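What follows is a set of notes on a single structure, which appears directly below.
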Amino acid sequence: MNRELRMLINNLTQDIIDIFNIEIPIKDIDLVVTKLGGHIEENQSFDDFSDGNIRKQDEGFVIYVSPFQTKERRRFTIAHELGHLFLHMGYKIDKELWNKQKNATYYRSGDSLMEYQANEFAAAFLMPQKKYKEIMEQYTVGNKVRTDEIANYFGVSVSAASNRGKFLGYLEW
């Protein structure tokens, strides 16, 4: 994924955060999903190596998540599915595309461009650039960054917080 597309996704997530008045850090991702017009259901029968999926339901949407993941992974999975919702299903953005989503289901699995885009959306949604930089600066002493504290603040894994910092150019690969 190129830098321009990454910036567009980051701008989109910030617009969604602003339009729907979503408080960062997101304390209750289930409540955010409800605010956006959807709901979450746990699915005990995930046997396709996917942590979650999303599909249109009436004029809203439903996100199915596996109960067999950490709370941090669950949050990221839900945010990832929201990425598919806005980027690939056109929800609240492209009415024509949204109307075509009759039986489409998007899964969190694989390594296609759509999956990278949904991952970028999830990271930007849970850890917006401006807020990430602010929190990172609070937990930086000299050249040492406490990514565990950043992760704790945003409710994500240390790996997700570290990767976000790297993709934003704040941390080295």
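Only the coordinates and a few stated rules stand behind these numbers; no lab work does. Everything numeric in this text was worked out from a predicted model, so none of it was measured. Neighbour counts are summed over all protein chains in view; Cβ atoms, including those assigned to glycine, are modelled from backbone coordinates with ideal geometry.
Going 7 Å from the Cα of Ile93 along its beta-carbon direction, which residues of segment 1-38 have the amide nitrogen within less than 15 Å of the resulting point? Hits in segment 1-38 for Ile93 at 15 Å: 2, 4-20.
The share of Cα pairs per 10 Å bin across the chain, counted from zero up to the longest distance, runs 10, 39, 36, 12, 2, 0 percent. I need the fraction of alpha carbon pairs in segment 1-99 separated by more than 23 Å, rounded to a whole percent. Result for the distance tail: 27 percent.
Of all DSSP bridge pairs formed entirely within segment 1-148, close to 70 percent run antiparallel. What percentage of all Cα-Cα pairs in segment 128-173 are separated by more than 11 Å? Result for the distance tail: 61 percent.
Within a straight-line Cα-Cα reach of under 21 Å, Lys95 can be paired with the following lysines, leaving aside sequence neighbours fewer than 8 residues apart in one chain: Lys35, Lys56.
Over the chain, DSSP H runs of length four or greater, each weighted -39,500 (n - 2.57), average out per residue to a 222 nm ellipticity of -14500 deg cm²/dmol. Seen against the Cα atoms of the chain and their longest principal axis, helix 71-83 is set at about 60 degrees. What is the angle, in °, between the Cα long axis of helix 3-19 and the longest principal axis of the Cα atoms in the chain? Nearest 10 is fine, range 0 to 90. For 3-19 against the chain, the angle is about 80 degrees. Return the single residue from Ser162, Ser112, Ser50 with maximal mean-square fluctuation; model: Gaussian network over the chain, springs between Cα atoms under 10 Å. Answer for the Gaussian network model of the chain: Ser112.
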